[in-house]
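Undergrad: I'd like to ask you about the structure that follows.
Each reported figure results from applying straightforward, stated rules to the coordinates on display, with no laboratory input. What you see is a predicted model, and the numbers here were worked out from it, not measured in a lab. Backbone-built Cβ (ideal geometry, glycine too); neighbour counts: all protein chains shown.
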Amino acid sequence: MKCPNCAQENKEAAEACRKCGRDLSIPPAWFPDWRWHARALSVIYTVLVIAYFTVSFALRKMPEPFHIRKLPPEITPWLKD
Ligand SMILES: [Zn+2]
């Protein structure tokens, strides 16, 4: 097996690398490559775009905002000219 630290070829049953002494019974750590990052970012971006359109669609279905509604002049006498 190949040493994950120095790439030295070792015996399949070796417990430690014969060049750098790394413990070969420990599996090498996994580091995400650029493909993994691109896929994760595209999934996050897609979810955000879908959430944006869902929320904007839901907001358009709601009644008009309160500040646009007409208030009767009896309850707002200070707004009269
Ligand atoms: Zn090694």
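Undergrad: To the nearest 10 degrees, how steeply does helix 34-61 sit against the main Cα axis of the chain, on a 0 to 90 scale?
TA: Compared with the principal axis, the helix lies near 10 degrees.
Undergrad: In nm, to one decimal, how far is the Glu9 label point from the Glu74 one, both placed 7 Å along Cα→Cβ?
TA: 9.7
Undergrad: In the chain, what GluC sites (Glu not before Pro) fall in a loop by DSSP, with at most 11 other Cβ atoms inside 10 Å?
TA: In loop regions of the chain (DSSP not H, G, I, E or B), the sparsely surrounded GluC sites (Glu not before Pro) are Glu12, Glu15.
Undergrad: With an 8 Å Cα cut-off and a minimum separation of 6 or more residues, compute the relative contact order for the chain in percent.
TA: 13
Undergrad: Give me, ordered by chain and number, the residues 5 or more places off Gln8 or on other chains with an amide H under 5 Å from its own placed amide H.
TA: Hits under the 5 Å cutoff: Cys3.
Undergrad: Oh, and also: Which number gives the lysine pairs in the chain that have C-alpha atoms under 27 Å apart and are eight or more places apart or on different chains?
TA: Counting lysine pairs in the chain gives 5.
Undergrad: How big is the Rg/Rh ratio for the chain, C-alpha atoms only, Rh by Kirkwood, two decimals?
TA: 1.65
Undergrad: In debye, nearest 20: dipole of the chain around its Cα centre with unit charges on the Cβ of K, R (+) and D, E (-)?
TA: So the dipole magnitude of the chain works out to roughly 140 debye.
Undergrad: Still on this structure, I have one more. Quick one: if the Förster radius is 41 Å, what FRET efficiency do Lys2 and Val55 give, using the C-beta to C-beta distance and rounding to 0.05?
TA: It comes out at approximately 0.25.
Undergrad: Of Phe31, Thr54, Ala13, which is farthest towards the positive pole of the chain's charge dipole, taken about the Cα centre with +1 and -1 on the beta-carbons of Lys, Arg and Asp, Glu respectively?
TA: In the chain, that residue is Thr54.
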